[in-house]
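What follows is one structure encoded as structure tokens, with my remarks underneath.
The values are calculated or read from the model by the stated rules, or taken from the named source; none is laboratory data. This is a predicted model, so every value here is computed, not measured. We place every Cβ from the backbone using ideal geometry, glycine too, and count neighbours over all the protein chains shown. The protein model used for the area step is the full one, side chains on, heavy atoms only, and it has no ligands, DNA or RNA in it. Shrake-Rupley method; radii C 1.70, N 1.55, O 1.52, S 1.80 Å.
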Amino acid sequence: MANLRPNLSALDVVLRDHGALGCFVFTLETISSDAFAHARMFAPGAGVPEDPATGSAAGPLGAYLAVHGVLPRERSSFAIEQGMEMGRPSKIWVEVSRDAASLPTTIRVGGATVPVIRGRSRSDPPVWQGTAPGRVN
């Protein structure tokens, strides 16, 4: 995983051709002993060369691992480590509830966040007033 260096331009073409936004890759070989999976996410067409923590992909990974018998029945929750290769390590917690046939019924995803940017948006004049610059209502 550490050696993955995708050609982001070529990956973007392949993703667009297949109607996909990103490429989420994973392995069960982890760096941390408390993680069950190690992942990386590339979404160049969305302006994200690599994402350090992809909660929207963690839930589907939990379902995939459960459905394919990779996640042991007696284990309902696990951690995904991500972001190490880009110097922004993260841990995403996934909990998979299953029915009697071991099919996922509920999936929960969580983790801590670290804000990387803050900002405010302002419209002059405010959009909710229904006016446009240079125009009187």
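I want to verify a result. In a Gaussian network model of the chain, Cα cutoff 10 Å, which of these has the top mean-square fluctuation: 69, 55, 19?
Result for the chain, Cα springs under 10 Å: 19 fluctuates most.
Can you give me the Rg/Rh ratio for the chain, using Cα atoms for both radii and the Kirkwood formula for Rh? Could you put the intermediate results ahead of the total?
Details: Rg = 19.9 Å, Rh = 17.5 Å.
For the chain, the value is 1.14.
Find which of 100, 112, 86 sits farthest along the positive direction of the dipole of the chain, computed with +1 on the beta-carbon of Lys and Arg, -1 on that of Asp and Glu, about the Cα centre.
Result: 112, furthest along the dipole toward the positive end.
Would you kindly state how much longer the chain becomes between residue 102 and residue 34 on full extension, computed as 0.36 nm times their sequence separation minus their alpha carbon distance, in nm to one decimal?
Numbers: separation 68, 0.36 × 68 = 24.48 nm, distance 2.33 nm.
In short, 22.1 nm is gained.
Over the chain, with a Gaussian network built from C-alpha contacts below 10 Å, which listed residue (29, 74, 95) shows the highest mean-square fluctuation?
74
Using the crude model of +1 on Lys and Arg Cβ and -1 on Asp and Glu Cβ, and no other charge, please compute the dipole size for the chain relative to its Cα centre, in debye to 20. Mind dumping the intermediate values first?
Details: 13 positive and 12 negative charges, 96 e Å.
Approximately 460 debye in magnitude.
Going from most exposed to least, what order do 18, 38 have by accessible area with a 1.4 Å probe? Let's see the in-between values first.
Working: 18 145, 38 5 Å².
The ordering from most to least exposed comes out as 18, 38.
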